[in-house]
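The values are calculated or read from the model by the stated rules, or taken from the named source; none is laboratory data. No experiment lies behind these values; they were computed from the predicted model shown. All Cβ positions, glycine included, derive from the backbone under ideal geometry; neighbour counts span all protein chains shown. Remember, those area values only see protein heavy atoms, side chains included, never the ligands or the DNA or RNA. Shrake-Rupley method; radii C 1.70, N 1.55, O 1.52, S 1.80 Å.
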Amino acid sequence: MDIKNILPPALAVAFIFTSVATSADASTLTFNFDASYSAASYAQGDTSNLFDTASGLSVGQIFHGSFSYDPSLPPTSTYSDPFFQSASYGGGTFAFSLPSGTLTINPASYSVQLSSYSFDPFDRFITQSQPNVVSTAAGGEILTYFGFSLSDSTSTTLTTLSAPTSLDLSKFDTAYVFTQAFEFDASSNFVGQYYREFDLTSLTAAVPEPSTWAMMLLGFCGLGFMTYRPAGSPLGLPDRTKMK
């Protein structure tokens, strides 16, 4: 088996695989954020069984998180009527680190939603989870929601319902992270709820992971190796037919 005949196709396949993988990673946008616990919270009823995100927090305390989405994907659902339009996108992640634990949304239930109101100038970019449902020992259910919201009352920041390729915190009127939980008993009667809000203080696009840069470098090296070869040698090695 002549390695000279095998190595070039193998390198070509490796380069193609690397390029595709790198492109998939590059299309996903990740944003890091800081949020400050605010007084915009409330509790009602019995919340003793609920995972309380305000446990041990003080107003003004700063916490960190991140979320991601892929703007190249088509919307998973759209809605439109004369008053309201929206589009939802999947394929992302959300995490928020707190003293009581890290809130992480299952990607399967996570979505990015853009919405616009026709008569009241108000556009909204929101990342949110579908309710995370947990059964209680008494046969009831606990529903927990996590989300991240950016709102623009001028309707000049989000001009379409396409997922944005960049986000500038200064362009939005309000920005916050929220968590909300409800508990119902076995007969679906309301037991208790809480709502917690965290004011967004910073939002920055994350730099690519080191592994992504490594993949890109490997791909470029493979391409250079395949395209720059001395004449007479498919691998850039000495031509044995000319050696004496």
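A few comments on the model shown:
- The requirement of being under 30 Å from residue 50 (Cα atoms), buried (at least 17 other Cβ atoms within 10 Å of the Cβ) and in contact (Cβ under 8 Å) with a residue 60 or more places away in the chain is not satisfied by residue 136.
- Listed conditions (1) in contact with a Gly (Cβ under 6 Å, 6 or more places away or on another chain); (2) among the hydroxyl-bearing types (Ser, Thr, Tyr); (3) open to solvent by 40 Å² or more (accessible area, probe 1.4 Å); (4) at pLDDT below 80 are all met by residue 55, apart from (1).
- Residue count for the range 185-207, restricted to those that are open to solvent by 30 Å² or more (accessible area, probe 1.4 Å), more than 20 Å from residue 144 (Cβ to Cβ) and at pLDDT 90 or above: 6.
Per-residue answers, yes or no, for (1) surrounded by 15 or more Cβ atoms within 10 Å (Cβ to Cβ); (2) at pLDDT below 85; (3) under 15 Å from the mean Cα position of the chain (by Cα); (4) not in a strand (DSSP E or B):
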site	(1), (2), (3), (4)
73	yes, no, yes, yes
88	yes, no, yes, no
95	no, yes, yes, no
104	yes, yes, yes, no
111	yes, yes, yes, no
119	no, yes, no, yes
127	yes, yes, yes, no
148	yes, yes, yes, no
151	yes, no, no, no
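- Test for residue 80: is it within 16 Å of residue 203 (Cβ to Cβ) and without any contact (Cβ under 8 Å) to a residue 40 or more places away in the chain: no
- The residues of the range 164-175 that are within 22 Å of residue 71 (Cβ to Cβ) and of a type outside the set (Val, Ile, Thr), listed by number, are 164, 166, 167, 168, 169, 170, 171, 172, 175.
- The set of residues in the range 173-184 that are in contact (Cβ under 8 Å) with a residue 40 or more places away in the chain and either under 13 Å from residue 124 (Cα atoms) or exposed (fewer than 14 other Cβ atoms within 10 Å of the Cβ) (or both) contains only 176.
- Test: residue in the range 159-175 that is assigned to a strand (DSSP E or B) and more than 23 Å from the chain's Cα centre (by Cα): no
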